[in-house]
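> Structure provided below as structure tokens; questions to follow.
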Amino acid sequence: MPTVEVSHIHKSFGPTQAVDDVSFRVERGEIFGLLGPNGAGKTTTIRIILDIFKPDSGQVSVLGGSLDETKKNRIGYLPEERGLYKDQKLETVLLYLGTLKGMEMSAANERLGEWLHRFDLYQHRHKKVQELSRGMQQKAQIIATLLHEPDLIIVDEPFLGLDPVNTRLIKEVIEEQRYAGRTIIMSTHQMYQVEALCNRIVLVNHGRTVLYGEVEQIKRDFAGNAVVIEGQGDFSDLPGVLQTRRENSDWHLALQPGNNPQDVFRALATREGIKIERFEIAEPSLDDIFISVVKGDDEVEGVDNG
């Protein structure tokens, strides 16, 4: 039985169709990526899962059925808009939030001490939240999400404001939660983190599901949609290329769906001042695939995102 099952949900706010027939399943013990550009419907979908919003139509099953108050205590949620009480002491806030999730104060106190030590926040526990750095507040919010050992963890931009050391720490924590049998839904714009952590993903755009499946299979399906070039000259503004980026001495090109890499090579052959030392078809990154799918979908919709 999946931990979360979303079936053909729709949600409108006045004339705006925020979610338009989104469906996916999240299995127990996996890290699942909920992806999409800004305004795609991700946050609305999360709020429907959490029963903050009711769908206009469609169904959602969480932890085996409809969401009730008992099940809500089995969920940990890290929203993109952080919500700690800034004028209160860190320890006081986190203990309070733990008891709201049904924890006994003694258990919350013991468990909180372990988390504060691990996140290097113990010496700051008596400071007001507003006195902490942005990265410290982010780590504190993650503690609030995990303190009650939830079965379902939903994290929206979990690496926001973190330096590389703390980013690695949070990745380790997320993986530990999966190894413990917990289910994680992760929403982020950092595609390399999705590649490193997620088993499967769903990509939504304009409120619709546009891509869904296992990360490795999706990358195989999009083989041929990325090219790496080493050489001299200007490799930007090529026909059939959605994005060109420079990484060290290589140029990475994300191609439009259906565009042939040989067409790109022929276009380069006719351009003045170009010297190609290496031209190869590469395995596309999730970033390449994200750009390809979203921009292609925007063109179909007639949307210009600038």
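> Is region 134-145 home to any residue that is part of a loop (DSSP other than H, G, I, E, B) and among the hydroxyl-bearing types (Ser, Thr, Tyr)?
No, region 134-145 contains no residue that is part of a loop (DSSP other than H, G, I, E, B) and among the hydroxyl-bearing types (Ser, Thr, Tyr).
> Any chance region 89-110 includes a residue that's in a strand (DSSP E or B) and either surrounded by 15 or more Cβ atoms within 10 Å (Cβ to Cβ) or out of contact with any Ser or Thr (no Cβ under 8 Å at 6 or more places or on another chain) (or both)?
Yes, region 89-110 contains at least one residue that is in a strand (DSSP E or B) and either surrounded by 15 or more Cβ atoms within 10 Å (Cβ to Cβ) or out of contact with any Ser or Thr (no Cβ under 8 Å at 6 or more places or on another chain) (or both).
> Would you be able to say whether some residue in region 125-135 is closer than 26 Å to Val26 by Cβ and surrounded by 14 or more Cβ atoms within 10 Å (Cβ to Cβ)?
no
> Output the residue which, of all residues in region 204-260 that are free of Cβ contacts under 8 Å to residues at least 40 places away in the same chain and among the polar types (S, T, N, Q), is farthest from Ile31 (Cα to Cα).
Only one residue fits best here, namely Ser236.
> In region 146-165, what residues are farther than 23 Å from Lys42 by Cβ, assigned to a helix (DSSP H, G or I) and either in contact with an Asp or Glu (Cβ under 9 Å, 6 or more places away or on another chain) or of a type in the set (A, V, I, L, M) (or both)?
Once the filter is applied, which keeps residues that are farther than 23 Å from Lys42 by Cβ, assigned to a helix (DSSP H, G or I) and either in contact with an Asp or Glu (Cβ under 9 Å, 6 or more places away or on another chain) or of a type in the set (A, V, I, L, M) (or both), region 146-165 yields only Val165.
> Consider Tyr122 carefully, then state whether it is farther than 23 Å from Pro164 by Cα, among the hydroxyl-bearing types (Ser, Thr, Tyr) and assigned by TED's automatic domain parsing to the domain that holds Ser187.
The answer is no for Tyr122.
> Here is a follow-up. In region 209-223, how many are small (Gly, Ala, Ser) and farther than 22 Å from Ala40 by Cα?
Residues in region 209-223 being small (Gly, Ala, Ser) and farther than 22 Å from Ala40 by Cα: 1 in total.
> Can you pull out the residues in region 51-78 that are part of a strand (DSSP E or B) and surrounded by fewer than 18 Cβ atoms within 10 Å (Cβ to Cβ)?
Ser57, Gly58, Gln59, Ser61, Gly65
> Going residue by residue through region 187-197, is there one that turns out to be surrounded by fewer than 17 Cβ atoms within 10 Å (Cβ to Cβ), in contact with a strand residue (DSSP E or B) (Cβ under 7 Å, 6 or more places away or on another chain) and more than 30 Å from Lys275 (Cβ to Cβ)?
No, there is no match, as no residue in region 187-197 is surrounded by fewer than 17 Cβ atoms within 10 Å (Cβ to Cβ), in contact with a strand residue (DSSP E or B) (Cβ under 7 Å, 6 or more places away or on another chain) and more than 30 Å from Lys275 (Cβ to Cβ).
> Against the condition closer than 24 Å to Thr209 by Cα and touching a Leu at 6+ places or on another chain (Cβ under 9 Å), how does Ala254 come out, does it pass?
Judged against the criteria, Ala254 is a match.
> Looking only at region 127-155, count how many residues are of a type in the set (D, E, K, R) and modelled with pLDDT under 95.
So the count comes out to 1.
> Does region 158-171 contain at least one residue that is within 23 Å of Ile49 (Cα to Cα) and buried (at least 22 other Cβ atoms within 10 Å of the Cβ)?
yes
The values are calculated or read from the model by the stated rules, or taken from the named source; none is laboratory data. All of these numbers come straight from a predicted model, not from anything done at the bench. All Cβ positions, even for glycine, are placed from backbone atoms using ideal geometry, and neighbour counts span all protein chains on display.
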